[in-house]
Amino acid sequence: MLLSRAKPAQDPAQKRAPIEAAAKVRSLPRLEDFLKKRDYVGAITLLEFMASADKPLPQSDEWIGYCKFHLGDFAGAEQIYKRLTEDPNLENKTVWVLLGCCYFILGRYKEADDAAQRGPVSPLQIRLLFHLSHKFNDETRLMHYHSQLKDVIHDQLTLASIHYLRNHYQEAIDIYKKVLASNPQFSALDVYVALCYYKLDYYDVSQDVLTNYLKKYPDSATTLNLRACNHFRLFNGKEAEAQLQELQTMASPSFEYAQDLIKHNLVVFRNGEGALQVLPPLIDALPEARLNLVIYFLREHELQEAHNLLKDLDPATPQEYILKGVVNAARGQELDNEEHLQLAQQYFQLVGGSASECDTIPGRQCMASCFFLMKQFDDVLIYLNSIKDYFYNDDTFNFNYGQTLASAGNFKEAEEALLLVQQDRIRREFCYLGWLTRCYIMNRKPRLAWELYLKMETSRESYNVLNLIANDCYKMGQFYYSAKAFHVLEAMDPLPEFWEGKRGACVGVFQQIIAQQEPTSSLGEVVKILKSSSGNSANPRVEMIVRTMQRWARENRVDLGEGGVLM
């Protein structure tokens with residue numbers, strides 16, 4: 001009799017499967033697997049675990065240093081490599097070069113040079129010294145190491161990076177494209193190509209290049225950030241911030257580089273909001289942080305703070321030259337300092353006249369600024385007209401464009417440009433009010449100029465605008481508003497020149513009425529103005545002018561209104 005079974009018999013192969021699966025679970029991952037996946041945190045965890053278990057992997061410390069470097073923890077990598085170099089029995093002298101790489105990325109170039117020189121001659125050492133030569137601005141040494149570069153990928157990419165740093169973006173693009181043609185698997189080079197196009201102001205081309213790379217690697221912090229920057233240039237800060245949200249969500253707390261980048265760029269995209277809290281700690285970490293903090297101070301008209309940030313900076317990039325120029329121009333105008341203005345002119349000319357920048361928008365703006373300081377306004381217009389389509393809604397550009405047009409005598413176009421300005425801060429400035437007043441007068445719209453004055457609060461600026469109306473209207477034969485302005489000026493400050501101006505303007509109005517170029521209704525007000533002259537109401541010349549006007553009014557049946565007729 002066969003005994004029944006509660007469970008069917010198990011196949012021996014099925015018995016082995018769980019055992020093998022358990023063995024797989026118990027086996028440790030390999031270091032190579034972590035490195036291939038760029039999981040540097042996992043790699044460090046494995047290396048430290050094996051070391052704590054007294055089973056350190058070969059070259060464990062060097063690998064930990066490598067992972068920390070690629071995680072952006074350059075200070076941590078430096079500590080490890082420095083500890084290794086202190087070992088008198090150190091066999092791998094390349095560690096000196098690796099330590100030099102850490103110093104380099106931390107901005108400690110002298111220490112990087114000393115460390116690199118102590119390492120063995122190698123392609124990595126040559127590439128590092130090539131970069132350091134650029135940092136030291138040593139052209140002779142730069143060309144020496146340039147000659148030692150070979151036609152291999154790493155060396156060519158190093159050469160491309162130096163081209164990029166020297167603002168030779170097209171040369172860098174040519175190298176990247178050449179490498180990509182023979183090595184299409186190096187798709188990360190597309191990001192560098194896109195970055196070069198971004199620097200050349202080809203934001204739409206840059207965006208197109210990024211699209212394919214993001215399809216493969218949607219978590220690339222550098223690429224997502226560059227895409228957000230393109231949106232900022234092509235659209236606005238709100239669009240850019242929306243793009244950066246993806247990176248903000250993705251970035252892990254251990255990825256400090258991305259976190260700093262996000263905080264920095266959000267300040268830029270939000271037009272400087274939070275600048276004083278975010279940017280100062282990042283000055284030594286991100287080169288752009290210093291420059292954007294200077295821009296923030298310029299917008300807030302804190303010129304001394306902007307000057308302090310830049311006074312010890314030796315400019316090396318177009319952006320640095322431009323900001324040095326802007327700060328010197330602003331301080332020169334504020335302090336009426338010719339030396340600052342001369343420096344600003346030189347900085348602008350260096351950028352605008354350089355081969356790499358002369359055909360870019362910033363380059364043309366620099367040449368326009370240079371000629372503006374030289375008061376060569378026709379030359380300024382050549383450059384501003386070439387780029388005005390890119391700045392239709394830019395208040396600062398329209399303000400500067402309006403000033404230049406007016407200075408060149410193109411008052412109709414100047415008025416149109418100035419009226420495009422929307423910012424209250426600019427519209428309250430005397431420079432803006434003065435130029436708009438002059439444009440109204442030169443375009444034969446004195447009433448608008450007078451209304452502009454009436455809207456102003458009593459201040460030094462309103463006094464200056466009134467003076468401008470009085471004199472410019474007189475020159476343009478707009479005697480009615482000139483008389484009104486001189487009358488107010490005389491009441492405020494009874495100077496002889498104001499009285500003489502008013503008297504001449506009143507006679508001018510009378511002549512225009514007789515010639516039927518001015519309505520007769522103005523005559524009554526002119527008589528009132530003359531009779532209310534401070535200290536001159538009993539002047540025989542005033543009485544003679546008034547009587548002449550009254551006699552003409554009676555003869556031509558013109559009602560002078562209350563107070564217009566002498567008893």
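The values are calculated or read from the model by the stated rules, or taken from the named source; none is laboratory data. Bear in mind the structure is a predicted one, so any value in this text is a computation, not a measurement. No Cβ is skipped: glycine too gets one built from the backbone with ideal geometry, and neighbour counts run over all protein chains shown. For accessibility, only protein heavy atoms count, side chains too; no ligands or nucleic acids. Shrake-Rupley method; radii C 1.70, N 1.55, O 1.52, S 1.80 Å.
Each other residue within a Cβ distance under 13 Å of Val193 adds +1 if Lys or Arg and -1 if Asp or Glu, for a net charge of -1. Considering only Pro287, Gly272, Cys358, and ranking their Cα positions along the charge dipole of the chain that arises from unit charges at the beta-carbon of Lys, Arg, Asp and Glu, the one farthest toward the positive end is Gly272.
Each other residue within a Cβ distance under 11 Å of Lys388 adds +1 if Lys or Arg and -1 if Asp or Glu, for a net charge of -2. Ranking Leu419, Tyr347, Val546 by Cα position along the charge dipole of the chain, where only Lys, Arg, Asp and Glu carry charges on their C-beta atoms, puts Leu419 farthest toward the positive end. The length gained on full extension between Gln422 and Glu32, counted as 0.36 nm times the residue separation minus their Cα-Cα distance, comes to 134.4 nm. For the stretch 231-370, a simple Cβ point-charge model (Lys and Arg +1, Asp and Glu -1, everything else neutral) yields a dipole of about 280 debye relative to the Cα centre. Only helices enter the 222 nm calculation for the chain: every DSSP H run of n ≥ 4 contributes -39,500 (n - 2.57), and dividing by all residues gives -22500 deg cm²/dmol, rounded to 500. Taking all protein chains as they are arranged and a probe of 1.4 Å, the heavy atoms of Arg118 leave approximately 150 Å² accessible to solvent. With Cα atoms as the point set, the radius of gyration and Dmax of the stretch 477-553 evaluate to 11.4, 33 Å. Sorted on the mean count of surrounding Cβ atoms within 10 Å across their residues, most packed first, peptides 298-304, 321-327 read 321-327, 298-304. Report the calculated FRET efficiency for Met456 and Glu497 (r = Cβ-Cβ distance, R0 = 22 Å), to the nearest 0.05. About 0.45, to the nearest 0.05. Taking all protein chains together and rolling a 1.4 Å probe, Ser220 ends up with roughly 20 Å² accessible. Summing charges over all other residues whose Cβ lies under 10 Å from the Cβ of Phe371, with Lys and Arg as +1 and Asp and Glu as -1, gives -1. Rg and Dmax of the chain, based on Cα coordinates, read 36.8, 153 Å.
To the nearest whole percent, what portion of all C-alpha pairs in the stretch 30-73 is separated by more than 16 angstrom? The proportion of pairs with Cα distances above 16 Å equals 25 percent. In units of the compact-protein estimate 2.2 N^0.38 Å, the stretch 408-529 shows a Cα radius of gyration of 1.08. With all protein chains in place and ligands, DNA and RNA left out, the 1.4 Å accessible area ranks Ile441, Ile126 as Ile126, Ile441, largest first. If you take the Cα centroid of the stretch 253-315 and the Cα centroid of the stretch 392-422, the two points sit 30 Å apart. Please give the helix 40-52 orientation as an angle from the longest Cα principal axis of the chain, in degrees from 0 to 90, rounded to the nearest 10. With both axes taken from Cα atoms, the answer is about 40 degrees.
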